[in-house]
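Peer 1: The structure under discussion is supplied below as structure tokens; questions concerning it will follow.
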Amino acid sequence: MQVKDLATLAGTTVRTVRYYHQLGLLGVPEQGQGWRSYGFAHLTRLMRIRWLVESGVPLSEVPHMLAPPANADERAVVVDDLDGVLAAIDERIDTLKEQRHRVATLLERVHSQGRLSPLPPAVVRLYAALAQRPLAPALAESMRRERDLLELACYHAPLPDDVVALVEGLGDDQLDAICGIWEECQALAAHVSRRLTPIDRDRITDLARQAVEVAEGVDRDIATRLLVRAADLDRPPVRAAVHLAYPSPVYRELFAAVLALAAERSRR
């Protein structure tokens, strides 16, 4: 047989056959009249290689599996290798199941929300409701930045269930309060220079307390748990992301004030 006939019979490609030659898995026949002549032994060995590879055995472990084990030690090596292959396959199956679940979730969200987002539906609905309000352009942009910041967090890990539960419990009064807090932040950011005055800091701390009170008005237990958890957010990568999203010192100070309240609650 010519190499193309061998590849066709084995259900593979000429390139793969030559690759196996390079790895030393398949012997190279002598040169005939212008082409190499492959025999039945080449076909059976190639089929065995393909059988092992398609079963999930890495090419690096194929050589010592091609020959029958000569003794108990060689059989033990083969068994150990196959156990390792089986474990790796199980791990890939678990990964694929998780990926399938994520893709199915994304598909459901596109159907239900009209957009691809890692945010839970309740959070998407919250920002959609806020976007329907007559907000000033700068305030609407701040809302969008907050939503994008939460999406960024969701790329790393899902939002805690407590966040979703808190969002689902928000009523019109709480939404009004949230908009009011954002409006005051926006007003402060519009006139504050790069350096905040003590009066500015006191006002921002008061706004942070108001935000906490809004959360506690929905569910005090959930708000307390989230504040304790928020104390762990005081890390350089998180601060860097917030600073990128909100260049104004007002929003940075608000973030710091909330974290300070969270640290205070976590010490109780």
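The values are calculated or read from the model by the stated rules, or taken from the named source; none is laboratory data. Remember, it's a predicted structure, so these values are computed and weren't measured experimentally. Every residue, glycine among them, receives a Cβ derived from its backbone with ideal geometry; neighbour counts consider all protein chains shown. When the accessible area is computed, the model is the full protein with side chains, heavy atoms only, and any ligands, DNA or RNA have been set aside. Shrake-Rupley method; radii C 1.70, N 1.55, O 1.52, S 1.80 Å.
Peer 1: For region 14-33, which positions are open to solvent by 70 Å² or more (accessible area, probe 1.4 Å) and of a type outside the set (D, E, K, R)? Spell out the reasoning first.
Peer 2: Looking only at region 14-33, we keep the residues that are open to solvent by 70 Å² or more (accessible area, probe 1.4 Å), and these are 15, 18-19, 22-23, 28, 30-31, 33.
Within region 14-33, Tyr19, Gln22, Leu23, Val28, Gln31, Gln33 qualify.
Peer 1: What do you reckon, is Leu116 under 30 Å from Cys179 (Cα atoms) and either β-branched (Val, Ile, Thr) or touching a residue at least 12 places away in the same chain (Cβ under 8 Å) (or both)?
Peer 2: Details: under 30 Å from Cys179 (Cα atoms): yes; either β-branched (Val, Ile, Thr) or touching a residue at least 12 places away in the same chain (Cβ under 8 Å) (or both): no.
Criteria not met by Leu116.
A quick yes/no check of all residues on (1) at pLDDT 90 or above; (2) within 30 Å of Glu151 (Cβ to Cβ); (3) among the β-branched types (Val, Ile, Thr):
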residue: His42; (1), (2), (3): yes, no, no
residue: Met47; (1), (2), (3): yes, no, no
residue: Met65; (1), (2), (3): no, no, no
residue: Ile93; (1), (2), (3): yes, yes, yes
residue: Pro118; (1), (2), (3): no, yes, no
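Peer 1: Something else about it: Could you identify the single residue in Ala223, Ala231, Ala262, Ala240 that is under 18 Å from Arg147 (Cα atoms) and within 32 Å of the chain's Cα centre (by Cα)?
Peer 2: Values: Ala223 fails: under 18 Å from Arg147 (Cα atoms); Ala231 fails: under 18 Å from Arg147 (Cα atoms); Ala262 fails: under 18 Å from Arg147 (Cα atoms).
One residue alone meets the criteria, Ala240.
Peer 1: Just name the residue that is nearest to Pro63 (Cα to Cα) out of those in region 98-115 that are open to solvent by 70 Å² or more (accessible area, probe 1.4 Å) and among the basic types (Lys, Arg).
Peer 2: Arg100
Peer 1: Being in a helix (DSSP H, G or I) and either aliphatic (A, V, I, L, M) or under 19 Å from Val218 (Cβ atoms) (or both) narrows it down to one of Arg109, Arg125, Arg102, so name that one.
Peer 2: Numbers: Arg109 fails: either aliphatic (A, V, I, L, M) or under 19 Å from Val218 (Cβ atoms) (or both); Arg102 fails: either aliphatic (A, V, I, L, M) or under 19 Å from Val218 (Cβ atoms) (or both).
It is Arg125.
Peer 1: Every residue in region 64-76 that is assigned to a helix (DSSP H, G or I) and open to solvent by less than 70 Å² (accessible area, probe 1.4 Å), please.
Peer 2: We begin by selecting, within region 64-76, every residue assigned to a helix (DSSP H, G or I); these are 64-66, 72-76.
Once the filter is applied, which keeps residues that are assigned to a helix (DSSP H, G or I) and open to solvent by less than 70 Å² (accessible area, probe 1.4 Å), region 64-76 yields Met65, Leu66, Ala72, Ala76.
Peer 1: Could I ask something else about it? Hey, Leu152 hits all of (1) closer than 22 Å to Arg209 by Cα; (2) in contact (Cβ under 8 Å) with a residue 60 or more places away in the chain but one; which does it fall short on?
Peer 2: Checking Leu152 against (1) closer than 22 Å to Arg209 by Cα; (2) in contact (Cβ under 8 Å) with a residue 60 or more places away in the chain, the one that fails is (1).
Peer 1: So which residues in region 80-97 are within 14 Å of Gly56 (Cα to Cα) and open to solvent by 60 Å² or more (accessible area, probe 1.4 Å), if there are any at all?
Peer 2: Within region 80-97, the subset within 14 Å of Gly56 (Cα to Cα) is 81-93.
If the condition is that a residue be within 14 Å of Gly56 (Cα to Cα) and open to solvent by 60 Å² or more (accessible area, probe 1.4 Å), then Leu82, Asp83, Leu86, Asp90, Glu91, Arg92, Ile93 are the ones that fit.
Peer 1: Sort out which residues of region 46-62 are in a helix (DSSP H, G or I) and open to solvent by 20 Å² or more (accessible area, probe 1.4 Å), and write them in order of number. Give the derivation first.
Peer 2: Residues of region 46-62 that are in a helix (DSSP H, G or I), as a first pass: 46-54, 59-61.
Once the filter is applied, which keeps residues that are in a helix (DSSP H, G or I) and open to solvent by 20 Å² or more (accessible area, probe 1.4 Å), region 46-62 yields Met47, Arg48, Arg50, Trp51, Val53, Glu54, Leu59, Ser60, Glu61.
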